[in-house]
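Enquirer: First the structure, which I've put down as structure tokens, then a few questions once you've had a look.
The values are calculated or read from the model by the stated rules, or taken from the named source; none is laboratory data. Only a predicted model underlies this, so the values are computations on that prediction, with no experimental measurement involved. Backbone-built Cβ (ideal geometry, glycine too); neighbour counts: all protein chains shown. Ligands, DNA and RNA are excluded from the accessible area calculation, which covers all protein heavy atoms including side chains. Shrake-Rupley method; radii C 1.70, N 1.55, O 1.52, S 1.80 Å.
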Amino acid sequence: MAKNLIKFGLLVGTISVVLGGCFKKDDTIKIGVAGPFTGQYAAFGEQIHKGTEKAAADINAAGGVNGKSIELVFGDDACDPKQAVTVANKLTGQDKVIAVVGHFCSSSSIPASEIYAASGILNVTPASTNPTYTERGLDNVFRTCGRDDQQGAVAGNYLINKLNAKKVVILHDKDTYGQGLADATKKVLNESGVNEILYEGVTRGDKDFNALVTKIKGLGPDVVYFGGLHTEAGLLVRQMREQGVDVPFISGDGIVSQDFVISVGGAQYTKNVFMTFGSDPLKLETGKKVVESFKDDGYQPEGYTLYSYAALQAVVIALSATDLDSSAAAMYLKDNSVSTVMGEKSWDSKGDLTVSDYVMYAWDGDSYSELE
Amino acid sequence: MMWEIIQQTVNGLALGSIYGLIAIGYTMVYGIIGMINFAHGDIYMLGAYVTAISIAVISSIASMPVVLLLSLTVLIVVPITALHGYVLEKIAYKPLRHAQKLSALITAIGMSLFLQNYIQISQGARNQGIPTLISGGFTLWTDKISSLSAVMSYTQVVILVVTLVSMLTLAYVIKSTSLGRQCRSTQQDQMMSAMLGVNTDRVISVVFIIGAGLAGVGSVLVTLNYGSFDFFIGFIAGIKAFTAAVLGGIGSVTGAMLGGLLLGMSESFFSGLVNADYKDVFAFGLLIFFMVFKPTGLLGTPEVTKV
């Protein structure tokens, strides 16, 4: 008897949960946010998390989307392509989100976006810079950041014109993003007649690059370029400096995080480290209020935080203009410019920004700043 | 060129000693109960977190010379990792001692995942780090033409010295103490040792404690050397150390150390002189080579079929 009662109780409970779910759907819309919220690259995931969370709170406070409030569903891909596909399937199948902001790593965004495309869901990445992301003829993909070929061009020109580099070592982390960026820079260098003296890959998660650093030291380069993320970049720089290789170290947007200082072993090692990143979003007039509000919460909106904020804004503007139709929203973004926290943004037919603004930054101590 | 060879030797020795220290845990456990403790790499990972926490706590209480700070850290980390090794054996492996080999293996993988997630939840998933404590080094050799020199950093000196001291102590314990004799007899024949009055349960616990303690020493050294770590470092370190143990001949303590050094040296020289891309391919290729031509490893003894 008692058993039956329990069964009945469970049944009632299940029904009410299901019904509750149905009723709740009416006044909220679900938007997925995906990125590496755990793992080695969680610092970047946090930028996406904080950026979208703040944007959703601000939009909801201002009345939501067509009278409905936004509910964010977070999916953790740990920057692992396999997990990214699982997350994409969960967001589309189980959570039934109508748009996705993310992912962070290009190697995650590219396979995941195929799944979003199959479900006709709008996908805006705030940070994946690999060209392939928008080069596959998909209608649903957009990014609020630049592309690695643009980034590589800025780095390449800096190496040639400012540093006057003749002997360049190019390293990468064998990942879609890292190797793509290294190749883009290599192409620009080669076109200007500068051939690299070493082009090699390191393994993500490895800690000891001393043997490679010794080889680099023997080659006597003017500059070392690295395509990859801050954990490996930090260890490389530290081991280079320990062995007395003091040449400039240049990387891309993969080291735009305060966690780089942790990886590198302290502020004393960040000297002579440069990187390419979009023109400082914190200085934009349009973002002043949001930046202030982040700082009031005790968070420094570094790196891709504002890009993520802008990505959610773009999604929401497009959705509200098209009556919450995700595929129509994608068409809307291609034809119209939207005003975001990072200023007026417009996209070309592939989903790339029409204007890219990569500049060089230099690390100094535990902070970085745009080069004049 | 000479400086490069010396430098790569130093790099390889430092890397190899750490592989060796972690490999001891695999090889001793295998030698005594014939199972591969996959959670061993995660004990080492846990040690890295304890290292960072102890360094932070100690240096907030009083400022002191680095040597003293590190010694205190080792004194805190080793008992904690050893305790984890002990508890691990008691709750996860002991109940399965007479079950199939496969059950223990799967339990080990389960414990590895448990430890990873436990650290991830309790300590956060982000990359953690400690500030650089020791910088600078000795110049070993300067090339006359290029004026490039081979440098041995003080950290590498610390790694080599600490590893050497730990190994000598372990060798002494195993060779010349009553505890060591009990370990060796249990390794040879568990049932016979038990009949002769050796408390084999206690010996097995001790082996886990020694293995985890040495992993703790290794984690202090690694954290000192590389500075940053996360909850996943145990996996890669574990695979490499396990390879070292197999190369040296699993079951043999000296073999584990030799295997570690061999692996460290071959990785260093291969990525330094040939290509860093294929470093791991070479290391694991070496493993396959050994498995095919000398399956018992460098110092392993061939399995004698008992009739």
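Enquirer: Tally the residues that are in a loop (DSSP other than H, G, I, E, B) and buried (at least 24 other Cβ atoms within 10 Å of the Cβ), restricting the search to segment A:40-80.
Expert: Keep residues of segment A:40-80 that are in a loop (DSSP other than H, G, I, E, B), which gives A:40-41, A:62-64, A:66-67, A:77-80.
Applying the additional criterion that residues be buried (at least 24 other Cβ atoms within 10 Å of the Cβ) yields A:40-41, A:77, A:79.
Of the residues in segment A:40-80, 4 are in a loop (DSSP other than H, G, I, E, B) and buried (at least 24 other Cβ atoms within 10 Å of the Cβ).
Enquirer: Just to be sure, is residue B:292 over 21 Å from the mean Cα position of the chain (by Cα), at negative phi, within 14 Å of chain A (Cβ to nearest Cβ) and open to solvent by 80 Å² or more (accessible area, probe 1.4 Å)? Full working, then the answer.
Expert: Values: over 21 Å from the mean Cα position of the chain (by Cα): yes; at negative phi: yes; within 14 Å of chain A (Cβ to nearest Cβ): no; open to solvent by 80 Å² or more (accessible area, probe 1.4 Å): yes.
No, not satisfied.
Enquirer: Additional query: From (1) within 10 Å of chain A (Cβ to nearest Cβ); (2) under 30 Å from residue A:35 (Cα atoms), pick out the condition that doesn't hold for residue B:151.
Expert: Result: residue B:151 passes all but (2).
Enquirer: Of the conditions (1) more than 30 Å from residue A:207 (Cα to Cα); (2) open to solvent by less than 10 Å² (accessible area, probe 1.4 Å), residue B:259 fails just one. Which one is it?
Expert: Of the numbered conditions (1) more than 30 Å from residue A:207 (Cα to Cα); (2) open to solvent by less than 10 Å² (accessible area, probe 1.4 Å), the odd one out for residue B:259 is (1).
Enquirer: Condition (residue is farther than 30 Å from residue B:12 by Cβ and either in contact (Cβ under 8 Å) with a residue 12 or more places away in the chain or in contact with a Pro (Cβ under 6 Å, 6 or more places away or on another chain) (or both)) applied to segment B:161-172: is it met by at least one residue?
Expert: no
Enquirer: What's the total number of residues in segment A:184-214 that are farther than 30 Å from residue B:128 by Cβ and either within 14 Å of another protein chain (Cβ to nearest Cβ) or not hydroxyl-bearing (Ser, Thr, Tyr) (or both)?
Expert: First pass over segment A:184-214, keeping only residues farther than 30 Å from residue B:128 by Cβ: A:184-199.
Of the ones still in play, those that are also either within 14 Å of another protein chain (Cβ to nearest Cβ) or not hydroxyl-bearing (Ser, Thr, Tyr) (or both) are A:184, A:186-191, A:193-199.
Matching residues across segment A:184-214 total 14.
Enquirer: Here is a further query. Please verify whether segment B:117-125 includes one or more residues that are within 14 Å of another protein chain (Cβ to nearest Cβ), out of contact with any strand residue (DSSP E or B) (no Cβ under 7 Å at 6 or more places or on another chain), open to solvent by less than 60 Å² (accessible area, probe 1.4 Å) and free of Cβ contacts under 8 Å to residues at least 40 places away in the same chain.
Expert: Yes, the conditions are met somewhere in segment B:117-125.
Enquirer: Okay, moving on. Scanning for something under 16 Å from residue B:38 (Cα atoms), out of contact with any helix residue (DSSP H, G or I) (no Cβ under 6 Å at 6 or more places or on another chain) and within 14 Å of another protein chain (Cβ to nearest Cβ), does segment B:236-251 turn up at least one residue? Reasoning before the result, please.
Expert: So in segment B:236-251, the residues under 16 Å from residue B:38 (Cα atoms) come out as B:236-246, B:250-251.
Keeping just the survivors that are out of contact with any helix residue (DSSP H, G or I) (no Cβ under 6 Å at 6 or more places or on another chain) gives B:236, B:239, B:246.
From the residues that got through so far, the ones that are within 14 Å of another protein chain (Cβ to nearest Cβ) too are B:236, B:239.
Within segment B:236-251 (the criterion being under 16 Å from residue B:38 (Cα atoms), out of contact with any helix residue (DSSP H, G or I) (no Cβ under 6 Å at 6 or more places or on another chain) and within 14 Å of another protein chain (Cβ to nearest Cβ)), the answer is yes, since at least one residue qualifies.
Enquirer: Looking at this structure, is residue B:76 assigned to a helix (DSSP H, G or I) and within 20 Å of residue B:206 (Cα to Cα)?
Expert: yes
Enquirer: Yes or no: segment A:253-273 includes at least one residue that is open to solvent by 10 Å² or more (accessible area, probe 1.4 Å) and more than 28 Å from residue A:104 (Cα to Cα).
Expert: Yes.
Enquirer: I need the helices (runs of 4 or more DSSP H) fully contained in segment B:130-215, keeping only those with at least 1 residues that are among the β-branched types (Val, Ile, Thr).
Expert: Details: elements: B:154-176, B:178-188, B:190-195.
Helices (runs of 4 or more DSSP H) meeting the threshold: B:154-176, B:178-188.
Enquirer: Answer yes or no: is there a residue in segment B:8-29 that is in contact with a Lys or Arg (Cβ under 7 Å, 6 or more places away or on another chain) and at pLDDT 90 or above.
Expert: Checked segment B:8-29: at least one residue is in contact with a Lys or Arg (Cβ under 7 Å, 6 or more places away or on another chain) and at pLDDT 90 or above.
Enquirer: Looking at segment A:80-133 only, could you name the residues that are within 18 Å of the chain's Cα centre (by Cα) and among the β-branched types (Val, Ile, Thr)?
Expert: Those that are within 18 Å of the chain's Cα centre (by Cα) and among the β-branched types (Val, Ile, Thr): A:85, A:87, A:100, A:101, A:110, A:124, A:125, A:129, A:132.
Enquirer: Can you pull out the residues in segment A:198-215 that are among the hydrophobic types (A, V, I, L, M, F, W, C) and either outside any helix (DSSP H, G or I) or out of contact with any helix residue (DSSP H, G or I) (no Cβ under 7 Å at 6 or more places or on another chain) (or both)?
Expert: A:198, A:202, A:209
Enquirer: Scan segment A:237-266 residue by residue and report those that are at negative phi and over 22 Å from the mean Cα position of the chain (by Cα).
Expert: A:237, A:238, A:239, A:240, A:241, A:242, A:243, A:245, A:246, A:247, A:248 - these are the residues of segment A:237-266 that are at negative phi and over 22 Å from the mean Cα position of the chain (by Cα).
Residues are listed down the side, and each one gets a yes or a no for (1) of a type outside the set (A, V, I, L, M, F, W, C); (2) closer than 24 Å to residue A:230 by Cβ:
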position	(1), (2)
A:306	no, yes
A:309	yes, yes
A:314	no, no
A:321	no, no
A:328	no, no
A:332	yes, no
A:344	yes, no
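Enquirer: Restricting attention to segment A:94-109, which residues are among the β-branched types (Val, Ile, Thr) and either outside the structural domain of residue A:316 (by TED's automatic domain parsing) or under 23 Å from residue A:229 (Cα atoms) (or both)?
Expert: Result: A:101, single match.
Each row is one residue, and each column tells you yes or no for (1) under 29 Å from residue B:227 (Cβ atoms); (2) open to solvent by 30 Å² or more (accessible area, probe 1.4 Å).
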residue	(1), (2)
A:292	no, yes
A:316	no, no
A:321	no, yes
A:343	no, no
A:362	yes, no
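Enquirer: Within segment B:21-45, can you find the residues that are within 14 Å of chain A (Cβ to nearest Cβ) and open to solvent by less than 10 Å² (accessible area, probe 1.4 Å)? Spell out how you get there, then give the answer.
Expert: Kept after step one, since they are within 14 Å of chain A (Cβ to nearest Cβ), are these residues of segment B:21-45: B:22, B:41, B:44-45.
Those that are within 14 Å of chain A (Cβ to nearest Cβ) and open to solvent by less than 10 Å² (accessible area, probe 1.4 Å): B:22, B:41, B:45.
Enquirer: Among the residues of segment A:84-93, are any out of contact with any helix residue (DSSP H, G or I) (no Cβ under 6 Å at 6 or more places or on another chain), assigned by TED's automatic domain parsing to the domain that holds residue A:332 and surrounded by 24 or more Cβ atoms within 10 Å (Cβ to Cβ)?
Expert: Checked segment A:84-93: at least one residue is out of contact with any helix residue (DSSP H, G or I) (no Cβ under 6 Å at 6 or more places or on another chain), assigned by TED's automatic domain parsing to the domain that holds residue A:332 and surrounded by 24 or more Cβ atoms within 10 Å (Cβ to Cβ).
Enquirer: Check residue B:161 against each of (1) more than 11 Å from chain A (Cβ to nearest Cβ); (2) under 22 Å from residue B:218 (Cβ atoms); (3) among the aliphatic types (A, V, I, L, M); (4) surrounded by 14 or more Cβ atoms within 10 Å (Cβ to Cβ) and name the one condition it does not meet.
Expert: Looking at each condition in turn, residue B:161 falls short on (4).
Enquirer: Which condition from (1) in a helix (DSSP H, G or I); (2) closer than 21 Å to residue B:228 by Cβ is the one that residue A:300 breaks?
Expert: Checking residue A:300 against (1) in a helix (DSSP H, G or I); (2) closer than 21 Å to residue B:228 by Cβ, the one that fails is (1).
Enquirer: So which of B:137, B:129 is within 23 Å of residue A:78 (Cα to Cα), in contact with a strand residue (DSSP E or B) (Cβ under 8 Å, 6 or more places away or on another chain) and surrounded by 15 or more Cβ atoms within 10 Å (Cβ to Cβ)? Can you show your working first?
Expert: Working: B:137 fails: within 23 Å of residue A:78 (Cα to Cα).
Matching residue, one of B:137, B:129: B:129.
Enquirer: Which residue out of B:86, B:30, B:49 is closer than 30 Å to residue A:244 by Cα and either outside any helix (DSSP H, G or I) or touching a residue at least 24 places away in the same chain (Cβ under 8 Å) (or both)?
Expert: B:49
Enquirer: Could you tell me which residue of segment A:135-188 is least open to solvent (accessible area, probe 1.4 Å), considering only residues that are touching a Lys or Arg at 6+ places or on another chain (Cβ under 9 Å) and of a type in the set (Asp, Glu)?
Expert: That would be A:173.
Enquirer: What do you reckon, is residue A:226 farther than 18 Å from residue B:128 by Cα, more than 9 Å from chain B (Cβ to nearest Cβ) and open to solvent by 20 Å² or more (accessible area, probe 1.4 Å)?
Expert: no
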